[in-house]
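Reviewing the structure listed below.
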Amino acid sequence: MNARTDAVARLEPELASLVRRLEMTSRRRGYPMERAHYLLLSLLLDGEKSSAELAEALGLDHSTVVRQVAAVEERGYATRVPHPRDGRSMLLRATPEAAAAVAAMRRTRCERLDRLLADWPEAEREQFGALLARFNAALVRAEREEAGR
């Protein structure tokens with residue numbers, strides 16, 4: 001194996017372990033909201049969006065987003081408002097309750113991350129964040145390429 005392949009071979013089981021541990025932790029921790037709702041509402045806190053815009057941003061099919069939107073509406077975290085440029089369609093808007101719930105979840109998650117990375121120098125935290133952002137961007141590109149976008 002060449003050096004690049006060796007590095008990939010070392011990464012693969014680490015990523016598999018990471019995914020398993022994140023799923024396990026998410027189930028055990030009893031977060032105040034589901035991850036899917038947290039991600040959707042985080043987008044809505046940046047401004048009103050259509051369900052199609054949410055689906056695109058989240059990399060999900062429209063029917064999945066419609067179900068998630070129904071769930072957050074039921075919990076009082078989102079409302080529908082008329083689209084300003086198209087009276088036939090609606091946009092989704094996060095409620096103040098959503099903003100509070102997302103802030104609480106973000107605080108909980110950041111506190112845990114801070115504890116996990118407590119003995120890491122700040123430069124390594126920054127580097128890890130930058131590399132993770134780069135990896136996530138590569139995942140998004142790959143998803144779009146595989147979907148033929």
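The values are calculated or read from the model by the stated rules, or taken from the named source; none is laboratory data. None of these values were measured; they are calculated from a predicted model. Here the Cβ is made from the backbone with ideal geometry for all residues, glycine too, and neighbour counts use every protein chain on show. Just the protein is used for accessible areas: all its heavy atoms, side chains included, with ligands, DNA and RNA removed. Shrake-Rupley method; radii C 1.70, N 1.55, O 1.52, S 1.80 Å.
Looking at Asp114, Asp119, which is the one that is within 29 Å of Leu18 (Cβ to Cβ) and open to solvent by 90 Å² or more (accessible area, probe 1.4 Å)? Working first, answer last.
Details: Asp114 fails: open to solvent by 90 Å² or more (accessible area, probe 1.4 Å).
So the residue among Asp114, Asp119 that is within 29 Å of Leu18 (Cβ to Cβ) and open to solvent by 90 Å² or more (accessible area, probe 1.4 Å) is Asp119.
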| request: Answer yes or no: is there a residue in region 65-82 that is exposed (fewer than 13 other Cβ atoms within 10 Å of the Cβ) and in contact with a strand residue (DSSP E or B) (Cβ under 8 Å, 6 or more places away or on another chain). | output: yes
| How many of the residues in region 45-64 are within 15 Å of Val102 (Cβ to Cβ) and open to solvent by 50 Å² or more (accessible area, probe 1.4 Å)? | 2
| remark: Flagged pairs (Cβ under 8 angstrom, 6 or more apart or on separate chains; first in region 125-149, surrounded by 10 or more Cβ atoms within 10 Å (Cβ to Cβ); second modelled with pLDDT of 95 or more) are Arg125/Leu117; Phe128/Leu117; Phe128/Trp120
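Conditions (1) at pLDDT below 90; (2) more than 23 Å from Leu22 (Cα to Cα); (3) of a type in the set (Gly, Ala, Ser), marked per residue:
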site	(1), (2), (3)
Ser51	no, yes, yes
Leu54	no, yes, no
Val65	no, no, no
Gln68	no, no, no
Ala78	no, yes, yes
| task | Kindly list the number of the only condition in (1) touching a residue at least 60 places away in the same chain (Cβ under 8 Å); (2) of a type outside the set (Lys, Arg); (3) open to solvent by 80 Å² or more (accessible area, probe 1.4 Å) that fails for Tyr31. | result | (3)
